[in-house]
1. Quickly run through the range A:1-47 and pick out the residues that are under 27 Å from B:Pro110 (Cβ atoms), touching a Leu at 6+ places or on another chain (Cβ under 7 Å) and not basic (Lys, Arg).
2. Here is a list: B:Arg37, B:Arg24. Which entry is open to solvent by 50 Å² or more (accessible area, probe 1.4 Å), part of a strand (DSSP E or B) and closer than 18 Å to A:Pro43 by Cβ?
3. Would you pick out the residues in the range B:1-20 that are among the hydrophobic types (A, V, I, L, M, F, W, C) and within 13 Å of chain A (Cβ to nearest Cβ)?
4. In the range A:83-107, which residues are away from chain B (no Cβ under 12 Å) and either within 16 Å of A:Gln6 (Cβ to Cβ) or modelled with pLDDT under 95 (or both)?
5. Does B:Gly53 satisfy being at pLDDT below 95, closer than 28 Å to A:Gln104 by Cα and open to solvent by 50 Å² or more (accessible area, probe 1.4 Å)?
6. Please specify each residue of the range B:40-50 satisfying the condition of being in a strand (DSSP E or B) and open to solvent by less than 80 Å² (accessible area, probe 1.4 Å).
7. Among the residues of the range A:9-26, is any within 12 Å of chain B (Cβ to nearest Cβ), of a type in the set (Phe, Trp, Tyr) and open to solvent by less than 20 Å² (accessible area, probe 1.4 Å)?
8. Could you tell me whether B:Ile12 is closer than 17 Å to B:Ser95 by Cα, β-branched (Val, Ile, Thr) and at pLDDT 90 or above?
Amino acid sequence: TQLLEQSPQFLSIQEGENLTVYCNSSSVFSSLQWYRQEPGEGPVLLVTVVTGGEVKKLKRLTFQFGDARKDSSLHITAAQPGDTGLYLCAGEGSSNTGKLIFGQGTTLQVKP
Amino acid sequence: GAVVSQHPSWVICKSGTSVKIECRSLDFQATTMFWYRQFPKQSLMLMATSNEGSKATYEQGVEKDKFLINHASLTLSTLTVTSAHPEDSSFYICSVEGLAGSYNEQFFGPGTRLTVL
């Protein structure tokens, strides 16, 4: 069974600080997606990483896919209160059914 | 990405009644849709895969007779919670599968908050 371990599960920081969220597995994923979800809404896709070692940037957010495609990280620079939310990583499994395997999620609170 | 809507956005019902939730793909023909449920401050839990024109595939532990899924067209999938009970109260979210080159992406609806009294 493929699993994604996401850490930390909760993070409360001050505005302007940097943070990193990790997503780790012992299995290889063909692609991995990061989502952000606000309370009472559905997850919104931030980025998909596909190639081992790939780095993608989205303004102050930097996403990295591990060389072996078993892990990924999300780094936020100079966090702002608007970054507050639930961050989810999800990998496309090896079963080729289109199903996504989700990490446990990271609840981020950025205090002004 | 695909634009997905859900209706209703929230519903309150009495125990024992049935509730239908609609998931629509507004700009994309979706052969496959997924249904998830989510408890507060937790991740998404996949309930079932909805396939247009065929029976849904349910995840282990999900009662198919309680959570009826119908995917009669390429733009609409419905989830009916039959004989709802308070423990069925949750946030239900659907997603549409889209192919982006060599990999699949999922685009989520805004969710439906179900409260069973």
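1. Within the range A:1-47, A:Leu11, A:Leu19, A:Val21, A:Cys23, A:Gln33, A:Trp34, A:Tyr35, A:Gln37, A:Pro43, A:Leu46, A:Val47 meet the criteria.
2. Working: B:Arg37 fails: open to solvent by 50 Å² or more (accessible area, probe 1.4 Å).
B:Arg24 is the lone residue from the list that is open to solvent by 50 Å² or more (accessible area, probe 1.4 Å), part of a strand (DSSP E or B) and closer than 18 Å to A:Pro43 by Cβ.
3. Applying the first criterion (among the hydrophobic types (A, V, I, L, M, F, W, C)) to the range B:1-20 yields B:2-4, B:10-13, B:19.
Once the filter is applied, which keeps residues that are among the hydrophobic types (A, V, I, L, M, F, W, C) and within 13 Å of chain A (Cβ to nearest Cβ), the range B:1-20 yields B:Ala2, B:Val3, B:Val4, B:Trp10.
4. Keep residues of the range A:83-107 that are away from chain B (no Cβ under 12 Å), which gives A:83-84, A:94.
Answer for the range A:83-107, where residues must be away from chain B (no Cβ under 12 Å) and either within 16 Å of A:Gln6 (Cβ to Cβ) or modelled with pLDDT under 95 (or both): just A:Ser94.
5. Details: at pLDDT below 95: yes; closer than 28 Å to A:Gln104 by Cα: no; open to solvent by 50 Å² or more (accessible area, probe 1.4 Å): yes.
Considered against the rule, which asks whether it is at pLDDT below 95, closer than 28 Å to A:Gln104 by Cα and open to solvent by 50 Å² or more (accessible area, probe 1.4 Å), B:Gly53 comes out as no.
6. Those that are in a strand (DSSP E or B) and open to solvent by less than 80 Å² (accessible area, probe 1.4 Å): B:Leu44, B:Leu46, B:Met47, B:Ala48, B:Thr49, B:Ser50.
7. Quick first cut of the range A:9-26, residues within 12 Å of chain B (Cβ to nearest Cβ) only: A:9-10, A:23.
Applying the additional criterion that residues be of a type in the set (Phe, Trp, Tyr) yields A:10.
Okay, now just the ones that are also open to solvent by less than 20 Å² (accessible area, probe 1.4 Å), so none.
Among the residues of the range A:9-26, not one is within 12 Å of chain B (Cβ to nearest Cβ), of a type in the set (Phe, Trp, Tyr) and open to solvent by less than 20 Å² (accessible area, probe 1.4 Å), which makes the answer no.
8. Values: closer than 17 Å to B:Ser95 by Cα: no; β-branched (Val, Ile, Thr): yes; at pLDDT 90 or above: yes.
For B:Ile12, the condition - closer than 17 Å to B:Ser95 by Cα, β-branched (Val, Ile, Thr) and at pLDDT 90 or above - is not met.
The values are calculated or read from the model by the stated rules, or taken from the named source; none is laboratory data. The structure displayed is predicted, hence computed values, not measured ones. Don't worry about glycine lacking a Cβ; one is built from the backbone with ideal geometry, like all the others, and counts go over all protein chains shown. Accessible surface is based on the protein model in full, side chains and every heavy atom, while ligands, DNA and RNA are left aside. Shrake-Rupley method; radii C 1.70, N 1.55, O 1.52, S 1.80 Å.
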